[in-house]
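Okay, structure first, notes after.
The values are calculated or read from the model by the stated rules, or taken from the named source; none is laboratory data. It should be emphasised that the depicted structure is a prediction, and the values quoted were computed from it without experimental measurement. Here the Cβ positions follow ideal geometry from the backbone for every residue, glycine too, while neighbour counts run over all protein chains shown. Each accessible area value is taken on the protein alone, full model and side chains, heavy atoms only, with ligands, DNA and RNA left out. Shrake-Rupley method; radii C 1.70, N 1.55, O 1.52, S 1.80 Å.
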Amino acid sequence: MKIKKFKAHTMQEAMKTIRSQLGQNAVILNSKVVYTGGFLGMFKKKMIEVVAGIDEEDEMISGSKKEKIEHQTGQQLEMSPVLNEIKKLKDLVQSMSVNSTVIHPDLKEIEQKIDSLGLLQPIKQDVIASILETYLIHQKKLTNEQLEFQLKKELKKRISDIPFHGITFSKKFVNVVGPTGVGKTTTLAKLAAICKINYKKKIGFLTTDTYRIAAIDQLKTYAEILNAPLEVCYNSFDFQEGKKKLNDCDIVFIDTAGRNFLEQQYVQDLSETIDFQDEMETFLVFSLTSKFEDMEKVYNQFSHLPIHQFIFTKHDETSSYGAMYNIVYKTKIGAGYMTDGQDVPDDIHKLDHETFIQYLMG
């Protein structure tokens, strides 16, 4: 095993250097906080000192890259103090994936937890680096509970500047859009029930989903249960007329057709029917059974519309929730609600940063 000592101002900086010089399969053998410079014992700078190693076989695999590394003359460490730790890490090196980040043996379990979340690789590596730096600053072994608390803190910090809110009641119209099969109509009914029951608002419905007769019947049933008027709109003229008929409502909920999100024409047709700029809050609905790549494609199709918040559905139908964090982090658009069942209005929950992270952690 080749071993080298690194110093950096932050753990992120150290890990970046380690990966560039030793490769993705490098492991941390030892790390600590040190202080350098200063004058008469004052004004010292805090640094992170990391001892990292790379298995010789792993180094040979990417030998062409390793040839670019400068000679380690004078920086090779004595092997004897770390022989036992190297022995334990041999198997760990072999089990690491190509995209794995640099890890510390004591953080193996929390890294496995992070891996299970399904986060994008840059997010995962950044979070691991921050947790490792905190670990070093404490200068003691942290419990799994303490590490998990730190993980939640790091995940929350990275989205803390993204607004999370539900219906603000600052607009008269609430619109939900998204691909087919994500549960838009049921979600809309849940939102309407909350506004009527909890906030005592006079509600109404507009639907442009005339492609499926069953969808109109479904919304009509919800409207009857909530004792709310419903207007069916086949074109932009019907939409404007429907708005006039529902003028005395406090808030009007608009249901849209769920069609193939890869068809840009569908989104264009939607734009021609509905005036998204007119006193309207628009929620883009994602199913958590979808992959992040599909969510990203959906968002790109709707991104020219003024999307205010996301709604995530079917939390109860999957066990992997990283995609929702990835799309929020990447688009900088917050999440308003989470749904986890078919019951109206019980199975919908308003989100804030704290509850969002709790759902992410399962």
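Observations, loosely collected:
- Peptides 195-203, 127-135 ordered by average Cβ neighbours within 10 Å, highest first: 127-135, 195-203
- Size descriptors for region 296-362: radius of gyration and Dmax over Cα atoms are 12.1, 32 Å.
- Long-range amide H partners of Leu351 with built H, under 5 Å: Tyr337, Met338
- Karplus-derived 3J(HN,Hα), 6.51/-1.76/1.60, for each residue of region 2-14, Hz, glycine and proline x: 8, 10, 8, 9, 10, 10, 7, 6, 9, 5, 4, 5, 5
- Set Lys153/Lys196; Lys32/Lys291; Lys2/Lys157; Lys32/Lys350; Lys108/Lys190; Lys124/Lys350 screened for pairs whose C-alpha atoms are more than 32 Å apart: Lys153/Lys196; Lys32/Lys291; Lys2/Lys157; Lys32/Lys350; Lys108/Lys190
- Quotient of Cα Rg and 2.2 N^0.38 Å for region 169-254, N being how many residues it contains: 1.01
- Taking label positions 7 Å along the Cα-Cβ direction at both Asp106 and Lys244, the computed distance is 7.2 nm, reported to one decimal.
- The residues of region 116-250 present an accessible area of 48 Å² per residue when probed at 1.4 Å with all protein chains retained.
- Of the peptides 3-12, 156-165, the ranking by mean beta-carbon count within 10 Å, highest at the top, reads 3-12, 156-165.
- Simple label model, 7 Å out from Cα along Cβ direction - Thr134 to Glu49, nm: 2.5 nm
- Length-normalised contact order of region 109-248 in % [C-alpha pairs under 8 Å, at least 6 apart]: 15 percent
- Taking the inverse of the mean 1/r over every pair of distinct Cα atoms in region 104-222 gives a Kirkwood hydrodynamic radius of 18.5 Å.
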